[in-house]
1. What number of residues in region 22-35 are touching a Leu at 6+ places or on another chain (Cβ under 9 Å) and open to solvent by 40 Å² or more (accessible area, probe 1.4 Å)?
2. For region 54-131, which fully contained strands (runs of 3 or more DSSP E) count at least 1 residues that are open to solvent by 10 Å² or more (accessible area, probe 1.4 Å) and more than 21 Å from T24 (Cβ to Cβ)?
3. Among the residues of region 161-169, is there at least one that is in a strand (DSSP E or B), modelled with pLDDT under 85 and polar (S, T, N, Q)?
4. Looking only at region 47-55, decide whether some residue is modelled with pLDDT of 95 or more, within 21 Å of the chain's Cα centre (by Cα) and either closer than 16 Å to A190 by Cα or of a type outside the set (A, V, I, L, M) (or both).
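The values are calculated or read from the model by the stated rules, or taken from the named source; none is laboratory data. Please read these numbers as outputs of a predicted model, since none were measured by experiment. So basically every Cβ, Gly included, is an ideal-geometry build from the backbone, and we count neighbours across all protein chains shown. With ligands, DNA and RNA removed, areas are computed over all heavy atoms of the protein, side chains included. Shrake-Rupley method; radii C 1.70, N 1.55, O 1.52, S 1.80 Å.
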Amino acid sequence: MSKVLGAIAGLATLAFASQASAATFVFDGNADGSPVDAPISNIAMDCGTIGQDFCTDNDALGFDYSKDGIAFNVVARLGDATTELIQDLVGPNQGLGALSEGGQTMDQINPGESILITFEDEVTLSDIWLNDGISQDCPGGGSEGPCGDVGISIDGGSVVSFTEFLAQGVLGDGGGAVLALVGTTFEFFALTANAGYSIEQFTVSDVPVPAALPLLISGIAGLGFAARRRKSA
């Protein structure tokens, strides 16, 4: 029986000690305008702006990103419809934003727009950095106005504002996440008129423990059954 208990303990250790995959995705550009992390496909170059920016060729498909075993899709939205997503690599507005301002080259997420990030499985999103329009971290003010209040909806839930996150200690001044946000979809909104921001970077970690629990439970059940068979024999 002690051997069975030892095996169960080993299974528990294996299940809960598995390391989560993690990767930091950076959406602004290097000094030469080259990307740190680039979309996999569906890229239309330049987008009518200055530099080497990426925009979506088919807006409904958005951009797919993949790195170190972590993958996700990003689309830009204007109300209930998709709009052009930009990954701004050159200039003061670097990061992920939306181009939907009646032909203007406003690269940030502005009121009425949002950026929807979708993962296949539940992940933890942390180390979130936002850009105010002159390559300074939010909160702040830039050539396209201040960042204003930022809203985030997780898994289609209610929008929680940047101000509320600050009060809860989830986001610190400068935009860095202090506590992790866990979910499958994350939608970023702009909540203040004449303000906007772009998403510079964030870190993604998978959540492996729930996936390991079925293995642990089935292993415990199998070992228990084997122990009963030996005892009856």
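1. Just the residues of region 22-35 that are touching a Leu at 6+ places or on another chain (Cβ under 9 Å), to begin with: 27-30, 33-35.
Then drop every residue that is not open to solvent by 40 Å² or more (accessible area, probe 1.4 Å), which leaves 30, 35.
Summing the residues that are touching a Leu at 6+ places or on another chain (Cβ under 9 Å) and open to solvent by 40 Å² or more (accessible area, probe 1.4 Å) in region 22-35 gives 2.
2. Working: elements: 54-56, 63-67, 70-78, 81-88, 95-99, 113-131.
Counting at least 1 such residues, we get 70-78, 81-88, 95-99.
3. As a first pass, look at region 161-169 and keep what is in a strand (DSSP E or B): 161.
Checking which are modelled with pLDDT under 85 leaves us with 161.
Those left that are additionally polar (S, T, N, Q): 161.
Yes, region 161-169 contains at least one residue that is in a strand (DSSP E or B), modelled with pLDDT under 85 and polar (S, T, N, Q).
4. Taking region 47-55 and keeping what is modelled with pLDDT of 95 or more, we get none.
Looking for residues that are modelled with pLDDT of 95 or more, within 21 Å of the chain's Cα centre (by Cα) and either closer than 16 Å to A190 by Cα or of a type outside the set (A, V, I, L, M) (or both), one finds none in region 47-55, hence no.
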